[in-house]
Ligand code: FEO
Ligand code: CA
Ligand code: CA
Ligand code: CA
């Protein structure tokens, strides 16, 4: 029997070299198998996926662009379990779809239409492959497979009815023609990072939702240039903005018209049009994966932005819960929600998970992070009481308005603008919270005068360079870093914290004075960290990349790290120029035993999402958008696809590349990474 239990002090595998093969390459002694790909049928009566662009019925198939996911064990009788490691549900985000000029071309026989209007037959497929899926996974002998006819399987799409909850429920800002009382909306969109609550439900973060909506020219005037225009501009929908896929052009039916975020009606409160439709997106959305008929719920108390993951503080009986979150856009913020209600251990396995969600997530305070140059930081509450009277860009009506427009509230209190906060994750024993800051092309040593987007480096975002090799093709912080923070006294409700940088992404041959600050070797180097998940079994920090800066050398990858703690390293001064030097704090440098590359993915993919069975012996991860660089014009010639994965790994029909989940096991039956 394998006796490797407990947290690791040393990684137990040999590092995988960087590479550009069109396959999953992983550490020796491990096996990876494809188990769940775009289009796979989720009911007994759904046809097998032909993968040639003629498939339909996407509301009963796996969605596209598999992203974050969480694991929910099932006992042998099909009840919720916290220990079963041979059967369970995966709740998964289907973030987006591989497109070029409007069309999601791998879904359509001839690649689809690249001009407006889009045909409804194409749009209906594209809408349905977005959202969330729940799929049952089962081990038979030593082989894992998904269960096609499981009663737990379900799909949520961009049109499924979803409830609104929390402070903005029923608020004027949420009223639409679809929900005149502001309590519901349709769909969840661009679902990226995830979270799992201490009461056993699933959380999904809505990221780049705004791009699916249009805003016609003339809408500013139609709105009387009111404050909604300020909010729409702040959330990426300036007047005249085109939508990513043109779904609004597929017909006059309401399911298409809702993608036009415009004031067209005459009502005072927006109940006769979709002027407020965008306010129904951008939340953390909760689901009970064990109840296939339950509705998802948007928890507005946790703020509205380009959400990634939602990481909880370690639950302590009698203390409040914190939820840490990032807003993934250049120069956006890090947030923390603190529940009004103290944690009760009796809620760990409730009969009504969504009622428990309301108890902890609908009432609480929302904070934004401000980092100081001395290695400390503050959580600034976002409320009417803390918005300075000197802030006049937007007049917040009430607390709900602050949650719906949290970016504007963050601006008002002077939060620190970060290098694209992607996933965050909580260390399973220390409770310290790690954030991937994936990259930021707007970080500049000498920002252009008058630029509203370029920012000089600061202590928490300390790097800016021309590129890894000293040329000018990539500017800013192209490689990203992983920052971590420790709330004062280990308290979820603390208003101050200490922080440092766990590791800086860099190419191993880059300058160690300004770029490769963590002295990464060829077995450790990476760029643009994105997915970040701690194993509760081994304590390993799994780091996944979504990179565009080092992809001339390697496909995206996953690394394993055993980090130390905040403050275990050194202060370092970065001499950017004669006019600018920046102090930062760098964690203890990783060694060959504490950071190494575990896996490299196929071509043109991102590695994202990670779950483990409770015994730590089975891991699932997602390969997102292999072959996304393929040209739509080459749809008829598979030899021109930039990837043919996973068909070239023996999975499924057709040669079109598909986002897919793989299952990883250790050949000796041990825990992953040991
Ligand atoms: Fe969907 Fe920020 O990655
Ligand atoms: Ca991401
Ligand atoms: Ca990313
Ligand atoms: Ca992505």
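Taking residue 561 as the residue in question, decide whether it is within 24 Å of the chain's Cα centre (by Cα), farther than 21 Å from residue 310 by Cβ and away from ligand 2 (no atom under 16 Å from the Cβ).
Answer is yes for this residue.
Suppose the filter is within 16 Å of ligand 4 (Cβ to nearest atom), within 22 Å of residue 424 (Cβ to Cβ) and touching a residue at least 60 places away in the same chain (Cβ under 8 Å); does residue 309 pass it?
When the stated conditions are applied, residue 309 passes them.
In segment 601-654, how many are away from ligand 4 (no atom under 16 Å from the Cβ) and assigned to a strand (DSSP E or B)?
So the count comes out to 5.
Considering only strands (runs of 3 or more DSSP E) fully contained in segment 533-596, which possess at least 3 residues that are modelled with pLDDT under 95?
Values: elements: 541-545, 557-561, 570-577, 580-586.
Strands (runs of 3 or more DSSP E) meeting the threshold: 570-577.
Among the numbered criteria (1) assigned to a loop (DSSP other than H, G, I, E, B); (2) closer than 30 Å to residue 349 by Cα, which one does residue 39 miss?
(2)
What number of residues within segment 332-364 are surrounded by fewer than 18 Cβ atoms within 10 Å (Cβ to Cβ) and in a strand (DSSP E or B)?
3
Name the residue that is farthest from ligand 2 (Cβ to nearest atom), counting only residues in segment 65-88 that are crowded, with 23+ Cβ neighbours inside 10 Å and either at pLDDT below 95 or in a strand (DSSP E or B) (or both).
The initial filter retains those residues of segment 65-88 that are crowded, with 23+ Cβ neighbours inside 10 Å, namely 65-70, 72, 88.
From the residues that got through so far, the ones that are either at pLDDT below 95 or in a strand (DSSP E or B) (or both) too are 66-70, 72, 88.
Details: 66: 12, 67: 7, 68: 8, 69: 12, 70: 15, 72: 21, 88: 23 Å.
Ranking the qualifying residues of segment 65-88, first place goes to 88.
Which condition number in (1) out of contact with any strand residue (DSSP E or B) (no Cβ under 8 Å at 6 or more places or on another chain); (2) surrounded by 18 or more Cβ atoms within 10 Å (Cβ to Cβ); (3) under 27 Å from residue 351 (Cα atoms) is the one that residue 106 fails?
So the condition that residue 106 fails would be (3).
Residues to consider are 657, 614; find the one that is under 23 Å from the mean Cα position of the chain (by Cα) and surrounded by fewer than 23 Cβ atoms within 10 Å (Cβ to Cβ).
Only one candidate qualifies: 614.
Looking at (1) surrounded by fewer than 22 Cβ atoms within 10 Å (Cβ to Cβ); (2) part of a loop (DSSP other than H, G, I, E, B), can you tell me which one residue 97 breaks?
(1)
The values are calculated or read from the model by the stated rules, or taken from the named source; none is laboratory data. Every value quoted in this text rests on a predicted model; they were computed, and no experiment measured them. Here the Cβ is made from the backbone with ideal geometry for all residues, glycine too, and neighbour counts use every protein chain on show.
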